[in-house]
Amino acid sequence: MKFHVISHTHWDREWHQTYQQYRVRLVRFMDELIELLQSTPAYSSFMLDGQTIVLEDYLEVKPDKREAISKLVQEGRLLIGPWYIQPDEFIPSGESLIRNLLIGQQISNEYGTAMQIGYLPDSFGQAAQIPQVLNGFGIKSALFWRGITEEETEKTDFYWNGPDGSKVLTTHLPLGYGNARMLSSNLEENVKVIEENINELEKMTTSPNMLLMCGFDQRSAIKELPEIMDELNRHYSGQGADYSFEISKLMDYFDNVRNEADKLESLSGEFRKGKNMRVHVSIASTRLDLKKVNFEVQNLYEKYLEPINSMSMLLGNSYDNKIINQGWKYTLQNHAHDSICNVCKDETHREMEMRYQFAEQIAETVQSEALTELINQVKFDYDKGIPLLVFNTLGHMRDNIVETTIQLKSEHFIITDTEGNVIPYQVVETKQENLNDKRIEIGVKNEDQFVWTIKIMFFAEIEGLGYKTYYIKENETHSNKESELVFQEGVFINEYFEAKIESNGSLTVKDYSTDTVYDHLNVLEESGNAGDEYDFSPPREDVIITTKNSSPDISVVHNGPLFAEVKIVHTIDVPVNTDVNKRSKEQEIMTIETFVKVNRHEDRIDIKTVIHNTVKNHRIRALFNTGIKSKTHVADQQFGTICRENYLPQVEYWERDHWEEKYFPIYPQQKFVDVSDDKRGISILNKGLPQYEILNGEEPVIALTLLCGTDYMGKQDLVYRPGRRSGLHVETPDSSLLGKHEMEYSIIPHKGNEMDAYVAMKSNEYITPAFAVQVNSHSADGVPRHSDQNSFFQLYEENMAISAVKKSEDDENVIVRIYNATNQEMSSAKASFDTQFFNKVELVDLNEKPIVNTNERMSISKGIIEIKNITSNEILNFKLTR
């Protein structure tokens, strides 16, 4: 047996201490490590936790150590990368996971090369798309700890297959990433460590190789490790055992295991079982305020900032990757598994808020400048009126309601397209303002300039990834073609459905496409939470309050020919607190406002719920009775969908078999969850609400978590997680989420399943509204030469989606990343590109390097791309050359 001793540390950048507090320790740790490796040639390698951010954090303080680090990396003695930061795998978007690796590889290349291992030692469960993401960077091996049990495999080594057919040789760490951390100068104690590992792991190995992970959280290197190896080799040689010990690298271990590939099992899917070690299955509900901001910032970069900058670049302007990537870094720094899962001190979470603000400030400033530069390149026809430029940053043609605010001298106007056709609109809000109030006065007083500030909603049709100009003509009378109001006698009515607001505030929806009636939609449920930041857990005696028997105040906010909005206000008495045993008898009034909006030309029911939270340690969810019989459902994950079980049998035996935590059908999600049968279905979309639970088994009710408050980082002896606490017993008042919180989600009833109804496409439209910019005048610089409408790239398959449109990292060309948004194969899909702007298209990997031998799969003719044999959830990357 060959024992591969991996000297390493696991460095939590922030957790129960803040980043700067941990950085003080990091600087000392790195100083000692560099000196150790330089002075001890026999110390052949040390692994720096698979994340390159530790180098940035250290070198910002001690830039003079850069050369020493580079030398150690190039010698193969200091192993860095491939990640920028050790991520959670479920809450970040798929694009965020890619940028994490992309930036991590870039930083690694500055010093030498990255360790090509998908090292994920402490992530709270493993996402199904990790093999495909790793393969996209040429990474063929992975290692993790949490989430897998003997129900999946009894071996440490296996092939983990992604839904697209990708695979990585994977090693599971049954004893964690510190199974040899107790090695020391005491031979007797070291032998005990080795024998314990042999007893636990030998039966699980698939080759004569065993991993001994010699490191732990914030742990320095064991200086005597080379001598310890020599002593262990002498000891076991004297015992006649065929054992060898060496300071090794993960790549060497995988090379040895790969020689026994014929013995390996193949597994697929996600791993989220907390039998042997906790994965904290309900962790996605903590600090939903921060998780919502994370969604907003990710969406800002992926769906607005980068596509708009790419369009501007194609019209002749600049694109600064470095400043945009700096914004990405601030975002990714919040994706460390403890950070984005929000199991930290309040001080740490406040620093996360600051990083999100930094990322937003960068994005909003860069986007504003890019928009100005783009507008200056467009030739508008001012004879038609004031230009209103509408952007579609998605890949497919869309026809949606657009909301925007314009400023005019007259409150009477019409909107036309470029052909002069009058476009219907509806006024949301009108007010008169003095623009002088928003301008700096230098030396003299500015002249007053009064305008009408008018928020409107209008219907727009825009081709994929591009822009289209509408024109505003002032002092003209507007009349909508549609005269009927959307909300009539307590019922929303459009061409797709009827949605009735019941007296208790819930919705009853009749879907015209299937003649199906769905009732008890958006019933609100409030219950106790005796858990902590890691896990929701009910008290032993819970009190559950719902709005089924509520008598809310219901009022119409807006009602017109294009959209209507109704406000529902619940005032409920809830217990002021909850402990592990019960909820308090003392109660407090809590107000929940729900705004329901329906557009005439869209098949969604959009909901915004505003919770004025006045109590601690409780959870609020929105319940949706599907009325459908099904054993499974589909949820949106990174790059497509995943099918999951509505009922998990482990619910019946997890306590009997002494699992670390309860395993039940509470799941993470990206943009939607859908329950369907062969004929009909219902989808619940969301904006930054990453958790749902399936209640009632084969007659599923979708429970969408809106708010979950707790007052401590870690607690002991929870109902759903018996025994020791996770984290520290530290008060976290901010995690109680007192105050006002807004959540947005949407309902789509549909015919067939989620693929038939193009739910993935509609969810992208929901989270990424088309947006409009009023153009008042051109800059005096240059002569505009581009058309007032353009489509740079367009998808023709509704179940394909764009993940990214960005400038290439290495040149001035454009990367367009698309993916199959379903878990089914496609025989082919088509897309088009504008030959005015691009003269060559090639397939590249996630690292933006060319893929060879793609001729049989991809054909291009007159600006039309056809891709054949698309696997389920597959990611495809085009490099469009200018």
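Please treat every number below as a calculation from the coordinates, not as lab data. Remember, it's a predicted structure, so these values are computed and weren't measured experimentally. Here the Cβ is made from the backbone with ideal geometry for all residues, glycine too, and neighbour counts use every protein chain on show.
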Stokes-Einstein D for the range 165-232, Kirkwood Rh over Cα pairs, 20 °C, 1.002 mPa s (µm²/s): 161 µm²/s
Calculated P(r) of the range 15-136 - Cα pairs past 20 Å, %: 45 percent
Neighbour-count ranking [beta-carbon atoms within 10 angstrom, fewest first] of C341, C214: C341, C214
Rg/Rg_ref, the range 1-68, where Rg_ref = 2.2 N^0.38 Å and atoms are Cα: 1.22
Student exercise, the range 2-279 dipole from Lys, Arg, Asp, Glu Cβ charges, in Debye to nearest 20: 380 debye
The chain, helix-only ellipticity at 222 nm - DSSP H runs n ≥ 4, -39,500 (n - 2.57), divided by all residues, nearest 500: -6500 deg cm²/dmol
C-alpha center-to-center spacing [the range 258-276, the range 696-771] in angstrom: 29 Å
P(r) weight above 20 Å for the range 697-800, C-alpha pairs, percent: 71 percent
Extreme residue, positive dipole direction of the range 449-512, given options I462, I472, Y512 (C-beta unit charges): I472
Cβ-Cβ FRET estimate between E75 and N317, R0 fixed at 35 Å, reported to 0.05: 0.20
Helix runs (DSSP H) in the chain reaching 24 Å along axis by Cα, Kyte-Doolittle at least -1.0: 19-39, 94-111, 346-375
Under the Debye formula (equal points on every Cα, no solvent term), log10 I(q)/I(0) of the range 487-767 at q = 0.07, 0.08, 0.16, 0.17 Å⁻¹: -0.26, -0.34, -1.30, -1.42
Gain in span if fully extended, D717 to E588, counting 0.36 nm per residue against the direct Cα distance: 43.7 nm
Amide H contacts of G118 (H built 1.01 Å from N, under 5 Å, at least 5 apart or other chain): S141, A142, L143
Shape metrics for the range 393-534, restricted to C-alpha atoms - Rg then Dmax, Å: 22.1, 68
Rg in Å to one decimal, and Dmax rounded to a whole Å, for the range 222-287 via C-alpha atoms: 19.4, 56
Debye, to nearest 20: dipole size of the chain, +1 on Lys, Arg Cβ, -1 on Asp, Glu Cβ: 420 debye
All-pairs alpha carbon distance profile, the range 113-164, 10 Å steps from 0, percent: 22, 58, 19, 1
Alpha-carbon spread of the range 285-363, three principal axes, descending order, Å: 47, 20, 18
Residue order, fewest to most beta carbons within 10 Å, for K292, K548, K715: K548, K292, K715
More than 55 Å apart - percent of Cα-Cα pairs taken over the chain: 14 percent
Pairwise centroid distance, computed over Cα atoms, of the range 24-58 with the range 545-568, Å: 59 Å
Test item: Cα-centred dipole of the range 56-210, Lys/Arg +1 and Asp/Glu -1 on Cβ, debye: 460 debye
Principal axis dimensions, largest first and in whole angstrom, of the range 2-279 by Cα: 49, 46, 34
Residue-span extension gain [D519 to D678] - 0.36 nm each, minus C-alpha spacing: 55.3 nm
Cα→Cβ-extended label distance, 7 Å offset, between K629 and K203, nm: 4.3 nm
Gap separating the Cα centres of the range 777-826 and the range 280-354, nearest whole Å: 21 Å
Those GluC sites (Glu not before Pro) in the range 824-881 that DSSP places in a loop and that have at most 10 other beta carbons within 10 Å: E856
Stretchable slack from V556 to A68, in nm (0.36 nm times residue separation minus alpha-carbon distance): 168.9 nm
